[in-house]
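J.: Could you have a look at this structure, given as structure tokens, before my questions?
The values are calculated or read from the model by the stated rules, or taken from the named source; none is laboratory data. For clarity, every value in this text was computed on a predicted model and none was experimentally measured. When we count neighbours, we look across all protein chains shown, and the Cβ atoms used for this are built from the backbone with ideal geometry, even at glycine.
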Amino acid sequence: MGIEQKLGNMGVVTMRLEDAVNWGRTNSMWPMLFGLACCAIEMMSAQASNYDMSRFGMELMRASPRQSDLMIVAGRVTRKMAPVLRRLYDQMPDPKWVISMGDCASCGGVFNNYAIVPGVDEVVPVDVYVAGCPPRPEALIHGIMTLHEKVRGEKIKDWS
Amino acid sequence: MVEQTEVTLDELRHLVSERALTGETVLLNMGPQHPSTHGVLRLLLELDGETVVNCIPDIGFLHTGIEKNMEAKTYEKAAVMTDRLDYLNTSGNNLVYCLAIEKLVELDVPPRAQAVRVILAELQRIASHLVWLGTHALDLAAMSVFLYCFREREMIMDILEMCGGQRMMSTYFRPGGLWRDVPAEFEDAVRQFLRVFPRRVDEYEALLTHNPLFLERTRHIGVLSKEDALRWGVTGPALRASGVPHDLRKAMPYSGYEQYDFEVPTHTEGDTYVRYLLRVEEMRQSVRIVQQALDKLPYGPVRSNNRKFVPPPRSELGHSMEAVIHHFKLWTEGFSAPAGGVYVAVESPRGELGVYLEGNGSPKPHRVYWRTPSFANLQVLPLIAKGHLVADLVALIGTIDIVLGDTDR
């Protein structure tokens, strides 16, 4: 979108480094294979035949936090699970993003009691919240595309 | 809040063998984040090389406090919590809770509602078994079965969504019947499913049943004897695969299961392979039940018209003062149940799912206790895992078919 428009086809594409890196990051985001509760089943549906999340370069769920850059918190986070969740988040290499899938992860949902953390944002920073109990696979995919949009807008100075 | 307690070897002394203390065997943590633990199960393994010496399940990572939360809600509103217990068997959870309330307050259920309940509970059983089959095969490195299974599961999800407006947590069964009548397209959608599904089961079987890799991984793995199964309170497919033909749909029929003709598949080997065969056969039997229930689906009301427990339909509110009063009363205060306890159990895809409901004369339950099959079935995991390889442990977690929401509640 720069010099090649003026000089004709030179066989090269010029773009800003930011855009190139962000494009790369959005198109091969590796989510962590990490299901907590009901939402995990819908997350599996989103990966399976009918919804097919691999269209977004996300077919590869990594079981290890060391290899993933997106954490989808799919389900209710209990007080016993919260430290584990934080440790998993800390183990992920930068850059990393978090999607809070479903009402329970976003705000506690229908549970208002001693056992459930009222929103996973008390434990890890959340980029995108997806509403629903559980959200439909389409809603999760929409959440992921919203995250992609956010990532595309990141600046070099945010990377550090 | 974010702090993790470290456990010393001394505290584990009573759980592991002597060899662990001398360093001869290795203690390894598996989970709560692990691709094959089907949720947030943590296993503490004591390994001799690759052989499992001891396996200690640590549960509670999904403890939601549902039982306590239900005590704070009126009987009808607490039904919403039941979906979230065993999230693969949402209709079945609604069913057992509604049956308990109906028994406690002596509420009648119209025949049409009973038949629709049976249809949806059986479809839910198929959906649950499909998730089980897909993930179990995935654990054993057969990726494509997962994609096949979820294709058919979507058909069932569409039917449930059509009825209750939600894919998973529909809370479609209410005390006294159903939330509303099934839509006009329901029958066609179910018939379409019944038409294609038996052939699809053949497809799954073609992928797995005679597959040498699958046989190698499942045969003679995790043998559960009949005596052990009975001693540990195992129910459901795991019990039937060990040679006990116990199925609550036959043993204590509810919702009119006695009118349907179906078989309870039973095997005697008790290993992982026959548990697979048994669940596949159960899917076929569920198709038979749905077919029969749909063929003689009666017409009529879908909810009891006992206005002391069931709110009047919206259409009556415009011209009946009495209906307005009942509506107001039921949605503000709720109905009261007499003091006393009832226990009702149904056959969930995982086994005996029971609820003990105790009333105290107020509109809220005094105590709700869930007897969940996954909790009881998980107990045998250390028993059947001993002496197997770590790779087989993955198959064993799959084969007992636990849902952590059901285990931890």
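J.: Have a look at A:Ala74, A:Ala82 and point out the one that is touching an Asp or Glu at 6+ places or on another chain (Cβ under 9 Å) and either on the phi > 0 side of the Ramachandran plot or surrounded by 23 or more Cβ atoms within 10 Å (Cβ to Cβ) (or both). Spell out the reasoning first.
T.: Working: A:Ala82 fails: either on the phi > 0 side of the Ramachandran plot or surrounded by 23 or more Cβ atoms within 10 Å (Cβ to Cβ) (or both).
Unique residue meeting the criteria: A:Ala74.
J.: Within segment B:399-409, can you find the residues that are part of a helix (DSSP H, G or I) and more than 14 Å from chain A (Cβ to nearest Cβ)? Can you show your working first?
T.: Initially, segment B:399-409 is screened for residues part of a helix (DSSP H, G or I), giving B:399, B:404-408.
Hit for segment B:399-409 is B:Thr399, nothing else.
J.: Within segment B:284-323, take every residue that is crowded, with 17+ Cβ neighbours inside 10 Å and small (Gly, Ala, Ser) and give me the one that is farthest from B:Glu203 (Cα to Cα).
T.: Across segment B:284-323, the extreme among qualifying residues is B:Ala323.
J.: A follow-up question, please. Every residue in segment B:258-299 that is without any contact (Cβ under 8 Å) to a residue 60 or more places away in the chain, among the aromatic types (Phe, Trp, Tyr) and part of a helix (DSSP H, G or I), please. Break it down into steps so the answer makes sense when it comes.
T.: First pass over segment B:258-299, keeping only residues without any contact (Cβ under 8 Å) to a residue 60 or more places away in the chain: B:258-259, B:261-271, B:273-274, B:278, B:281, B:285, B:288, B:292, B:295.
Of the ones still in play, those that are also among the aromatic types (Phe, Trp, Tyr) are B:262, B:273.
The one that is without any contact (Cβ under 8 Å) to a residue 60 or more places away in the chain, among the aromatic types (Phe, Trp, Tyr) and part of a helix (DSSP H, G or I): B:Tyr273.
J.: With the condition kept exactly as written, say whether any residue in segment A:62-84 is under 17 Å from the mean Cα position of the chain (by Cα) and at pLDDT below 85.
T.: Yes, segment A:62-84 has at least one match.
J.: Are any of the residues in segment B:307-317 under 25 Å from B:Glu187 (Cα atoms) and among the β-branched types (Val, Ile, Thr)?
T.: No; the residues of segment B:307-317 include none that is under 25 Å from B:Glu187 (Cα atoms) and among the β-branched types (Val, Ile, Thr).
J.: For segment B:360-373, how many residues meet the condition of being under 25 Å from the mean Cα position of the chain (by Cα) and modelled with pLDDT under 90?
T.: Total meeting the criteria: 0.
J.: Shifting gears a bit: Being assigned to a strand (DSSP E or B) and within 11 Å of chain B (Cβ to nearest Cβ) is the filter; apply it to segment A:62-78 and report the residue that is nearest to B:Trp132 (Cα to Cα).
T.: This residue is A:Ala74.
J.: So which of B:Ala184, B:Ala189, B:Ala142 is hydrophobic (A, V, I, L, M, F, W, C) and either on the phi > 0 side of the Ramachandran plot or touching a Leu at 6+ places or on another chain (Cβ under 8 Å) (or both)?
T.: Within the list B:Ala184, B:Ala189, B:Ala142, the selection yields B:Ala142.
J.: Still on this structure, please answer the following. What's the number of the only condition in (1) without any contact (Cβ under 8 Å) to a residue 40 or more places away in the chain; (2) loosely packed, with under 14 Cβ neighbours inside 10 Å that B:Leu213 fails to meet?
T.: (1)
J.: Residues in segment B:175-186 that are under 25 Å from the mean Cα position of the chain (by Cα) and surrounded by fewer than 14 Cβ atoms within 10 Å (Cβ to Cβ): how many? Quick ask: steps written out before the conclusion?
T.: Keep residues of segment B:175-186 that are under 25 Å from the mean Cα position of the chain (by Cα), which gives B:175-182, B:186.
Filter again for surrounded by fewer than 14 Cβ atoms within 10 Å (Cβ to Cβ), leaving none.
Within segment B:175-186, residues that are under 25 Å from the mean Cα position of the chain (by Cα) and surrounded by fewer than 14 Cβ atoms within 10 Å (Cβ to Cβ) number 0.
J.: Now a separate question. Please go through segment B:8-36 and give me each residue that is of a type in the set (A, V, I, L, M) and touching a strand residue (DSSP E or B) at 6+ places or on another chain (Cβ under 9 Å), ordered by number.
T.: Passing the criteria: B:Leu9, B:Leu12, B:Leu15, B:Val16, B:Ala20, B:Val26, B:Leu27, B:Leu28, B:Met30.
J.: What do you reckon, is B:Ala189 under 18 Å from B:Arg125 (Cα atoms), surrounded by 23 or more Cβ atoms within 10 Å (Cβ to Cβ) and in the same structural domain as B:Lys77 (by TED's automatic domain parsing)?
T.: no
J.: A further question on this structure: Output the residues belonging to segment A:21-61 that are away from chain B (no Cβ under 11 Å), touching a Leu at 6+ places or on another chain (Cβ under 6 Å) and within 20 Å of B:Val40 (Cα to Cα).
T.: Hit for segment A:21-61 is A:Pro31, nothing else.
J.: Pairs under 7 Å by beta carbon, first residue closer than 13 Å to B:Gln124 by Cα and more than 8 Å from every other protein chain (Cβ to nearest Cβ) in segment B:144-169, partner part of a helix (DSSP H, G or I) and basic (Lys, Arg), six or more apart or different chains?
T.: From residues that are closer than 13 Å to B:Gln124 by Cα and more than 8 Å from every other protein chain (Cβ to nearest Cβ), the pairs are B:Glu152/B:Arg200.
J.: Also: Please tell me if B:Thr22 is free of Cβ contacts under 8 Å to residues at least 12 places away in the same chain, hydroxyl-bearing (Ser, Thr, Tyr), farther than 22 Å from A:Val77 by Cβ and not assigned by TED's automatic domain parsing to the domain that holds B:Glu161.
T.: yes
J.: Any chance you could count how many residues in segment B:18-32 are in a helix (DSSP H, G or I) and β-branched (Val, Ile, Thr)?
T.: So the count comes out to 1.
J.: Continuing with the same structure: In segment A:80-120, which residues are at the interface with another protein chain (Cβ under 10 Å from one of its Cβ atoms), farther than 19 Å from B:Met81 by Cα and in a loop (DSSP other than H, G, I, E, B)?
T.: A:Lys80, A:Met81
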